[in-house]
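As structure tokens, the structure follows; a few thoughts come after it.
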Amino acid sequence: MIGEVSALMGRELRKLVRSPALLLMTMIQPVLWMGLYGKAFNLTGMFSIPEDLLSRLPPDSLRVVSSAFNAALTRFFGSPEVDYFSYVATGMAGVIVLFVSVFSGMSVAWDRRLGFINKLLAAPISRFSIVLSKVLASAVRAMVQSGLVVLTAIALGLRLDTAGPVAVLLGFTALALLSIALSSLIIAITLRLKNWEYHVALANLLNLPLMFTSSALYPRAIIPDWMRPITDINPLTHAIEVLRSSLLYGQSFDLMASLNHLAYLAAFSALCVVVGSYFAYGTLNAER
Amino acid sequence: MKAVECSSLKKVYGNVVAVDGISFDVEEGEVFGLLGPNGAGKTTVINVLTTLIRPTSGVARVCGYDVLTQQGSVRRVIGLVPQDLTVDDELTGMENLRLQAALYHMPKDLARKRIEEVLEQIDLNEAIHRKVSTYSGGMRKRLELAGALIHRPKVLFLDEPTLGLDVQTRTSIWTYVKRLAREEGVTVFMTTHYMDEADANCDRVAIIDRGQIKAIDSPRALKSRFGYDAIELEVVQNGIDLKELLSNVSGLKGIESYNSRVLIKAEGGEEVLPEVLGRLISSGVTVNRVEMRKPTLDEVFMSLTGRRIRDEHSSKEEVLKQRFNIRRLRA
């Protein structure tokens, strides 16, 4: 089975490498979000004191105001050193994982339409290999894209303050778990759909709500109470939190909190893989 | 052992009976054609035999293995060239073949050896290292054939192998199929709705219509059993009623006349023609031209079903898919 999966993944990865244009096009949206929204909106900038005011304030009150601002920044953004662009950029490194994973069904839909799936099904390979190779290929693609988003962000001025290689590894592990979870669900659903247009509709239906209810664009602390439960069950929030604190918070990286997020993601991902492969296996094997 | 055995095979989708209890055998080493219009159930039969779908009832075996209970064994002994183009455009021909070999768990050096062997037969030469997206339709089909043969299948299934290809490419694909069948010793099971191709290339054909097998035999035997010879005359009637004049010629199965053209269906045209000519000339009809044609499988189909073979009802998706395939083939 390992041979089957690696052969099928080899195909997917070759296609990934051979269409750099596609890779770049998928990145346009997240890069626009962080470049335009992140730079222009500058939520953290609101907590800076204008120069002319600075000179007129008595030193005592200056200390009070700046410590109040720092407290507010820490409450909302986790650290007084974080600028809004870096905040959104790390959010987008998670969002692109969402986008890539949710559209992972596209390649299944095409393989189906082109009859490639039938060729695989007529071969003496495990049905799980077919699904697994698709899920893993999608996760690899998501990781590559996410890494590229982080690199682009660094080029655009992300203030990197990592909590060490292990923390960064944990951050990307969180993204990988998110991708595996979402891809297994989407692929299982897409295998069932007769019409690939439904898949595009489904992907668009999931993308924006998951992004806007997560902590990709704004801190959990300013999310209204009614929405916060959604934010907290949204797996994207958990993945982004781990990545963000590993890349931006330096010494104030909270290992325990990150492990909690990872545990949540691992459980969610295990559930999705089991449910997804159960349905995918049924679709590929049964009554058709 | 039979290469393929079906008995009372049935497949029902909702309230549509796609395959309606068919039974037939295919001998080892045969080139066997399943012949019928679109929607007749041909692809459903292939899908059942290649384990892609489960039959509603009945038994089907490939090389003695049951398609329901011994799927793994069936899959190991078959090769499939589906109607769709399933080679991957983004990969090179060679990469496609390597992938195919990996799907059949072939060790690397065996794969290399087999790839070399099949490549010798399909004339792709240096194009094998180019991306498939640069290939012509015929090259893609040939690559597809090579892929399906890489693991030395005992039975090769071809679903509409020449659909959408131009005449010249069709001929060359057939040359390849027949050569491969002969040299590799595989049984070929194919579907087509091109009657002329089945006639020229199959050892035996089964004519299938609306899920049922109407007849099964060699093309030659079918034609002599079900097809009538066609005699076409160009005459000047001189006011004589031809239908009445010829009505009692023995072996005459039908007569139609359009102005000066007369079409006659006959059994044993060689005997009927002199008799017809004799009667016409002796009663004063001027005969300007005579032509006799032996029957084709088209006519066999017509006499079996009362209809011409033509594209019948197909779903929208099927039609789109077919157009899409043809576009890719011509790209």
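Only the coordinates and a few stated rules stand behind these numbers; no lab work does. Nothing here was measured: the structure is a model prediction, and the numbers come from that model. Every residue, glycine as well, gets a Cβ built from its backbone with ideal geometry; the counts of neighbours run over all protein chains shown.
A few remarks follow.
- The H on the amide N of B:LYS253, modeled in the peptide plane, is under 5 Å from the matching H of B:LYS265, B:ALA266, B:GLU267, each at least 5 residues off or on a different chain.
- Charge dipole (debye, nearest 20) of the protein assembly as shown; +1 at Cβ of Lys and Arg, -1 at Cβ of Asp and Glu: 580 debye
- Max mean-square fluctuation residue, GNM over chain B, Cα-Cα springs under 10 Å, options B:THR191, B:THR44, B:THR134: B:THR134
- Loop trypsin sites (Lys or Arg not before Pro), the range B:55-152, which have at most 15 other Cβ atoms in a 10 Å radius of their Cβ (DSSP): B:ARG130
- Count Lys and Arg as plus one, Asp and Glu as minus one, and take only other residues whose Cβ is under 12 Å from that of B:SER73; the net charge is then +3.
- Net charge of neighbours whose Cβ lies under 13 Å from the Cβ of A:ILE240, counting Lys and Arg as +1 and Asp and Glu as -1: 0
- Rounded to whole Hz, the Karplus (6.51, -1.76, 1.60) HN-Hα couplings of the range B:18-28, x for glycine and proline: 7, 10, 10, x, 9, 9, 6, 10, 10, 7, 5
- Between B:ASP109 and B:ARG307, the FRET efficiency estimated from the beta carbon spacing at R0 = 56 angstrom works out to 0.55.
- log10 of Debye I(q)/I(0), alpha-carbon scatterers only, for the protein assembly as shown at 0.06, 0.08, 0.11, 0.12 Å⁻¹: -0.48, -0.71, -1.05, -1.16
- Cut-off 11 Å between beta-carbons: net charge of the residues surrounding A:GLU81, Lys and Arg +1, Asp and Glu -1: -1
- Relative contact order (%) - criterion: Cα under 8 Å, at least six apart; region: chain A: 26 percent
- Rel. contact order, % - alpha carbon contacts under 8 angstrom, at least six apart, chain B: 21 percent
- Computed extension gain for B:GLU267 through B:ASP123, at 0.36 nm per residue and net of the alpha carbon distance, reaches 47.3 nm.
- Membrane-span-like helices in chain A, defined purely by DSSP H runs whose alpha carbon atoms cover 30 Å or more axially and whose average Kyte-Doolittle hydropathy reaches -1.0, are A:127-155, A:165-192, A:255-285.
- Loop-located trypsin sites (Lys or Arg not before Pro) in the range A:76-148, at most 14 other Cβ atoms within 10 Å (DSSP): none
- GluC sites (Glu not before Pro) restricted to DSSP loop in the range B:1-82 with at most 16 other C-beta within 10 Å: B:GLU27, B:GLU28
- Long-range amide H partners of B:LEU85 with built H, under 5 Å: none
- Close amide H contacts of B:LEU80 (hydrogens built in the peptide plane, cut-off under 5 Å, sequence separation of 5 or more or a different chain): B:PHE157.
- Comparing A:SER67, A:SER107, A:SER129 in a Gaussian network model of chain A (Cα springs below 10 Å), the most mobile by mean-square fluctuation is A:SER67.
- Take each residue of peptide A:120-129, count the partner chain Cβ atoms within 10 Å of its Cβ, and average: the result is 6.
- Look at the alpha carbon pairs under 8 Å that are at least 6 residues apart: their mean separation over the length of the range A:9-163 gives a relative contact order of 37 percent.
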